[in-house]
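Each remark here refers to the structure printed beneath this line.
The values are calculated or read from the model by the stated rules, or taken from the named source; none is laboratory data. Note that this is a predicted model, so its numbers are computed, not measured. A quick note on method: Cβ atoms are made from the backbone with ideal geometry, for glycine too, and the neighbour counts reach across all protein chains shown. We work out accessible area using only protein heavy atoms, side chains counted, and drop any ligands, DNA or RNA first. Shrake-Rupley method; radii C 1.70, N 1.55, O 1.52, S 1.80 Å.
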Amino acid sequence: MFARQRPKLIQSWPIRRVHPSVCLQQGRLAARASYQTLNLTRKIVTDDDIANLAAKPLHPLTLADLVKHGHPPLSEKALFNSANFTLSILPTRLAHRIQSLRNLPFIVVSNPHVSKIHNNYLHSLSTLLPWAETEINTLEDEIKFTEVMADLVHTHANTISILARGFLEARKYISPSEVTRFLDEHLRARIGTRLIAEQHIALHFSSQPHRELENESTHDNHGNNYDGSSYNGVIDTQLCPASIIRHCEGVVGDICELKYGVRPRIIINGEPEYTFAHIPVHLEYIITELLKNAFRATIERGMEREPVEITIAPLPELSVSNSGHKGIKNSMQGNTDEASKSLGSDTKGHIDGDELIRPLEESTPGVTIRIRDRGGGISPENYGHIWDYSFTTFNEDQISDTLSGNSEGNIDALTTISGSSGVDANSLAGLGYGLPLGRAYAEYFGGGIAVQSLWGWGTDVYLSLRGVGKVD
């Protein structure tokens with residue numbers, strides 16, 4: 001089994017006529033320095049702009065939507081189609097997020113961190129509105145539009161950690177159930193928005209027209225053939241779950257060794273060679289969170305000599321009618337937000353939470369991954385709250401230290417979710433985002449997470465993911 005090279009993680013820098021081989025050599029410092037010089041055309045966003053866009057229904061998204069433009073390198077026409085598809089749906093999605101934020105209690109929106117997220121969405125919408133009434137049909141326009149997409153990804157990179165800090169500070173003014181409802185909708189919708197932008201950026205970097213613009217072949221200076229990649233944008237059409245699991249085992253094992261001085265091990269059985277089409281970054285996040293829970297429980301129970309058992313089982317390729325899986329619900333993608341609900345019953349923008357987006361393909365290969373640990377299980381009083389976006393794993397002193405910045409620097413998304421920084425350096429207990437956000441990633445394209453706990457013994461977690469079907 002070999003490690004498959006992935007497309008470069010998208011940063012924000014000027015994209016003009018940049019070949020993928022050049023982009024792969026850029027570091028974070030160069031990316032940030034270039035980003036500071038990026039000058040995008042903006043339009044003032046009015047309340048009428050937000051109201052009109054928020055009145056439109058959200059475009060449901062499937063993995064098939066992301067690969068419908070073909071396998072890269074794309075032709076000029078296919079690249080323009082990708083850009084125009086992206087442009088057709090992102091302004092509406094941003095307006096729904098702005099309206100949903102404005103529907104929070106005023107004192108919560110006034111929090112500087114929540115307000116920052118609101119302003120970030122306004123900024124991104126202001127960079128998209130100048131393109132709203134145009135059609136992208138030249139390479140120069142497509143390059144400029146891709147710069148806007150890179151700016152959007154950069155602007156919203158730390159949304160999770162900023163919202164976490166904001167809701168921590170405003171926890172006295174909003175109930176935990178309201179926080180869970182809002183975050184579940186908001187973060188699910190954010191998955192789609194970010195994914196749409198990143199998909200077009202990735203397709204741009206591997207597009208044939210730009211290599212022709214530079215008079216270069218489909219090989220870079222190192223001899224890498226982009227035509228032979230298994231990636232279609234951010235989707236790996238030959239994703240091997242076992243490879244992702246081993247990578248996450250190393251990451252989480254390092255954390256455990258640092259915090260506890262021991263490193264649990266895993267064994268993988270089932271079909272470790274199985275591959276299917278999915279998004280590696282999503283699977284990495286989910287597996288990392290599940291392994292952190294399993295490793296921490298195993299260590300704290302003193303069972304680190306017992307391996308965490310992981311079973312990989314392909315889902316049967318059954319037709320929709322035979323499988324009983326009829327489609328993806330709008331609620332799984334955060335499409336039933338407050339902007340939709342506030343429109344009134346006579347508008348076409350209203351989306352029913354039980355309305356199915358569309359059936360999955362007749363043949364959609366997928367996988368079920370079972371993670372079994374001997375960590376003692378989940379206590380009955382905690383079992384009913386495992387899907388809540390909750391901050392109760394921190395006591396008041398820990399919260400105060402987090403808010404005052406005594407958490408070893410800025411809390412980015414990973415440290416916010418994992419709680420791997422902070423006063424209690426010997427605990428992996430987090431802010432309660434990991435498991436519910438992991439379920440959001442799984443459910444977004446028709447998968448899911450189920451947890452079975454045997455209190456006093458251990459826990460079984462079942463992760464199911466659906467692919468895109470057959471990709472040419």
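See the values below:
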| item | result |
| --- | --- |
| Residues being in a loop (DSSP other than H, G, I, E, B) and more than 28 Å from ARG194 (Cα to Cα) - total across segment 226-266 | 5 |
| LYS116 being open to solvent by 30 Å² or more (accessible area, probe 1.4 Å), touching a Gly at 6+ places or on another chain (Cβ under 9 Å) and charged (D, E, K, R) | yes |
| Filter result for THR37 (open to solvent by 80 Å² or more (accessible area, probe 1.4 Å) and modelled with pLDDT under 85) | yes |
| Meets criteria (assigned to a loop (DSSP other than H, G, I, E, B), touching a helix residue (DSSP H, G or I) at 6+ places or on another chain (Cβ under 8 Å), of a type in the set (A, V, I, L, M) and modelled with pLDDT under 95) for LEU66 | no |
| When residues of segment 98-113 are limited to those that are in contact with a helix residue (DSSP H, G or I) (Cβ under 7 Å, 6 or more places away or on another chain), open to solvent by 10 Å² or more (accessible area, probe 1.4 Å) and touching a residue at least 24 places away in the same chain (Cβ under 8 Å), the one farthest from ARG194 (Cα to Cα) | ASN111 |
| Top-ranked residue in segment 237-263 [being modelled with pLDDT under 95 and in contact with a strand residue (DSSP E or B) (Cβ under 7 Å, 6 or more places away or on another chain); ranked as farthest from THR311 (Cα to Cα)] | THR237 |
| Residue in segment 112-125 that is polar (S, T, N, Q), closer than 27 Å to ASN232 by Cβ, in contact with a His (Cβ under 8 Å, 6 or more places away or on another chain) and modelled with pLDDT of 95 or more present | yes |
| Subset of segment 267-288 [closer than 22 Å to VAL67 by Cα, β-branched (Val, Ile, Thr) and either open to solvent by 40 Å² or more (accessible area, probe 1.4 Å) or assigned to a helix (DSSP H, G or I) (or both)] | THR275, VAL281 |
| The listed residue being modelled with pLDDT under 90, surrounded by 19 or more Cβ atoms within 10 Å (Cβ to Cβ), touching a helix residue (DSSP H, G or I) at 6+ places or on another chain (Cβ under 6 Å) and under 30 Å from GLY446 (Cα atoms), out of ALA83, ALA197, ALA95, ALA164 | ALA164 |
| Conditions (1) free of Cβ contacts under 8 Å to residues at least 60 places away in the same chain; (2) not in a loop (DSSP other than H, G, I, E, B); (3) not charged (D, E, K, R): number failed by GLY302 | (2) |
| Which numbered condition LEU58 misses (of (1) open to solvent by 30 Å² or more (accessible area, probe 1.4 Å); (2) of a type in the set (A, V, I, L, M, F, W, C); (3) closer than 27 Å to LEU187 by Cβ; (4) assigned to a loop (DSSP other than H, G, I, E, B)) | (1) |
